[in-house]
Amino acid sequence: MTRSRPIAYRIFPKSPEAHLFEVSCTVDDPDPEGQHFALPAWIPGSYMIRDFAKHVVTIRATSGGKPLTIEKVDKHTWRCDCAPGPVTVTMEVYAWDLSVRGAHLDTTHGFFNGPCVFLRVLGKEGRPCRVEIAPPRGARYRSWRVATSLARDGAEAHGFGRYAARDYDELIDHPVEMGEFRLARFRACGVPHEVALTGVSDVDLERLTRDLQRLCEYHIRFFGEPVPFNHYIFLVTAVGEGYGGLEHRASTALLTARDDLPRAGAREVTEGYRRFLGLASHEYFHTWNVKRIRPSAFSPYDLDRECYTTLLWAFEGFTSYYDDLALVRCGLIPRQGYLELLGQSITQLLRTPGRHKQTVAESSWDAWIKYYRQDENTPNAVVSYYTKGSLIALCLDLLIRDRTRGRKSLDEVMRALWRRHGLTGVPVPEDGIERLAEEVTGLKLGAFFDRALRSTEELPLKNLLARFGVKMALRPAESATDKGGKPAGKPANELKERVTLGARTSGNGAEVTLTHVLDGGPAQAAGLAAGDILLALDGLRITPSNLEARLARYRPGDTVEVTGFRRDELFVRRLTLGAAPLDTCYLTLEASTRFAGRLKEWLGG
């Protein structure tokens, strides 16, 4: 009987110019000992404590129209005095986080994720929820409408009004966009999909929806119909500079540079558009892998504290492997374009000294305090479970295909995960993926997993790629902006003579600022540190625009005098320049046709 008594919410853009939402929560049968309410400390999919309660500006409680005492008992929990009837708690929430994780409100649009604004009624999280999404007041907002995957409970399509969720977990898993967004629709395997685009852009919506349809249909058929949702929506915010995505059970929030979207009249797949398609592919794949195939640590989510797992190498890394692989398999990018992306991923890993110190399992466990809290020493101490995880997936896929002579692949492992864990809701134990991979393929994979997950040994990328006709080559970087993935555009002898500081710099402004000093490099040996501002080399001024040209005057082994500031103190250091390392990867296909069958099975086409 208690489940039939829903928790009632109302969210109202009270003051767009002040970035304030007013949010109320009403419970009809509060705890007679005093009802506790709490805001989540983090949002699923982004593994860092974010303390959303810090954005609560005011909070009050009433019962029967009369004020009720409410007190804060910890950083995100409040307790109301006991009351004989319904209790309503009303908050003002400051919303000025323009990201896929937070809440943002101004006079142009509103966006929110549920964990930022909806209080959890402790002890009643399993109750049905109803939420009224109210429009802002004023004539300037009359054309605003709503985009969300929340189930309508009286509201018209894309209208303000009442929506519903089966419980609190579902309530906070459907972000909401409101404003004058552009809307496009398509069907993927017969299921309605939408794109709600916020922000100024000259995007070719017809092409965008056509490409997303092809991509979504690939993912749906990969896991098999029917899909686990009735309707899906891409909430896309276009900005001058920005990138990010967050997955949800029937939608995703995407932040993208407007120039990455396809322009009207353009036909090519630009590097920026390829990046956007990869982002959309990544978050859509998460609909299966992490939203429904979940590790035990996330079943259920503990929203008050960290949920530790060693499995992010699979839930994020495998997703990062399949996001770009889907692009080539469904024909949105050519094979060489895919190999370019793989080369860039290998380059990212090779440029991370932290891969020698932290295993990918450790990276997953420490995501809360390391990967999501990066600092100037992160490259030296941390390995990305996204990047290395995707390359582990690549190696595992090629290893399985090679040892079974194409009879099995990582694809079968993913589909088995879906059948055994996604469809049933049974969470994945910490060793579940390793055991299932062996069961599905019939192979002994323990040695591979020990090496890939629990050691800092290099992955066998070159040998495995070679078995599929892909040559892996390394070269020095051509410049600080060289991401790899392509052969050098400069002569080999010129690259051989290229020098390095062994540090990363900021290209903003008129000063050269060291952002990261890499282990074992010339800058570290000379005593330079992150945050140092470099003014001159051998008495000549350097700037972000001329640094490359200045360094090109030297050869490996040359010693230079570096002048700079640390804090407000002038310093001079002697620095011996090193040769640019072979940390830039590119991949090419062998001319022989003997790998044609293997490549087709792996990459499609």
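The values are calculated or read from the model by the stated rules, or taken from the named source; none is laboratory data. Every value quoted in this text rests on a predicted model; they were computed, and no experiment measured them. Don't worry about glycine lacking a Cβ; one is built from the backbone with ideal geometry, like all the others, and counts go over all protein chains shown.
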* Asked: Out of all the residues in the stretch 89-110, is one or more farther than 20 Å from residue 173 by Cβ, out of contact with any Lys or Arg (no Cβ under 9 Å at 6 or more places or on another chain) and without any contact (Cβ under 8 Å) to a residue 60 or more places away in the chain?
  -> no
* To do: Output the number of residues of the stretch 149-168 satisfying the condition of being within 26 Å of residue 217 (Cβ to Cβ) and assigned to a strand (DSSP E or B).
  => 2
* Within the stretch 119-148, considering residues that are within 29 Å of the chain's Cα centre (by Cα) and part of a loop (DSSP other than H, G, I, E, B), the one nearest to residue 42 (Cα to Cα) -> 119
* So residue 527 clears everything in (1) modelled with pLDDT of 95 or more; (2) farther than 15 Å from residue 576 by Cβ; (3) assigned to a loop (DSSP other than H, G, I, E, B) except one condition, right? Which one? -> (2)
* **Among the candidates 452, 477, 466, residue that is at pLDDT 95 or above, touching a Ser or Thr at 6+ places or on another chain (Cβ under 6 Å) and surrounded by 13 or more Cβ atoms within 10 Å (Cβ to Cβ)** => 477
* To do: Determine which single condition residue 300 fails, assuming it passes every other condition in (1) in a helix (DSSP H, G or I); (2) surrounded by fewer than 24 Cβ atoms within 10 Å (Cβ to Cβ).
  => (1)
* To do: Give me a count of the residues in the stretch 500-516 that are touching a residue at least 40 places away in the same chain (Cβ under 8 Å) and assigned to a loop (DSSP other than H, G, I, E, B).
  => 2
* Leading residue by the ranking (farthest from residue 504 (Cα to Cα)) among those in the stretch 365-387 that are outside any loop (DSSP other than H, G, I, E, B) and in contact with a helix residue (DSSP H, G or I) (Cβ under 8 Å, 6 or more places away or on another chain) -> 387
* **Count of residues meeting criterion [acidic (Asp, Glu) and in a loop (DSSP other than H, G, I, E, B)] in the stretch 388-408** => 0
* All positions within the stretch 489-531 that are in contact with a strand residue (DSSP E or B) (Cβ under 9 Å, 6 or more places away or on another chain) and among the acidic types (Asp, Glu) -> 497, 511
* Hey, can you tell me all the residues within the stretch 77-107 that are closer than 28 Å to residue 145 by Cβ, charged (D, E, K, R) and outside any strand (DSSP E or B)? => 97, 101, 106
* To do: Hey, can you tell me all the residues within the stretch 93-118 that are surrounded by fewer than 18 Cβ atoms within 10 Å (Cβ to Cβ) and either on the phi > 0 side of the Ramachandran plot or among the charged types (D, E, K, R) (or both)?
  => 106
* To do: Please go through the stretch 223-273 and pick out each residue that is outside any loop (DSSP other than H, G, I, E, B), over 16 Å from the mean Cα position of the chain (by Cα) and either more than 18 Å from residue 322 (Cβ to Cβ) or not hydroxyl-bearing (Ser, Thr, Tyr) (or both).
  => 223, 233, 238, 239, 258, 259, 260, 263, 271, 272, 273
* **Number of the condition not met by residue 315 [criteria: (1) within 12 Å of the chain's Cα centre (by Cα); (2) in contact (Cβ under 8 Å) with a residue 60 or more places away in the chain]** => (2)
* Which of the residues that make up the stretch 545-587 are over 21 Å from residue 530 (Cβ atoms) and surrounded by fewer than 15 Cβ atoms within 10 Å (Cβ to Cβ)? -> 545, 546, 549, 552, 553, 555, 557, 558, 559, 582
* Structure fact -> Of the residues in the stretch 575-605 that are in a helix (DSSP H, G or I) and over 28 Å from the mean Cα position of the chain (by Cα), the one that is farthest from residue 527 (Cα to Cα) is 597
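Here's the yes/no breakdown for (1) surrounded by fewer than 17 Cβ atoms within 10 Å (Cβ to Cβ); (2) outside any loop (DSSP other than H, G, I, E, B); (3) touching a strand residue (DSSP E or B) at 6+ places or on another chain (Cβ under 6 Å):
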| residue | (1), (2), (3) |
| --- | --- |
| 170 | no, yes, no |
| 178 | no, yes, yes |
| 185 | yes, yes, yes |
| 192 | yes, yes, no |
| 197 | no, yes, yes |
| 200 | yes, no, no |
| 208 | no, yes, no |
| 212 | no, yes, no |
| 216 | no, yes, yes |
* Asked: If you go through the stretch 251-270 one residue at a time, how many are over 20 Å from residue 200 (Cα atoms) and surrounded by fewer than 20 Cβ atoms within 10 Å (Cβ to Cβ)?
  -> 3
* **Residue list for the stretch 53-100, filter: hydrophobic (A, V, I, L, M, F, W, C) and within 19 Å of the chain's Cα centre (by Cα)** => 98, 100
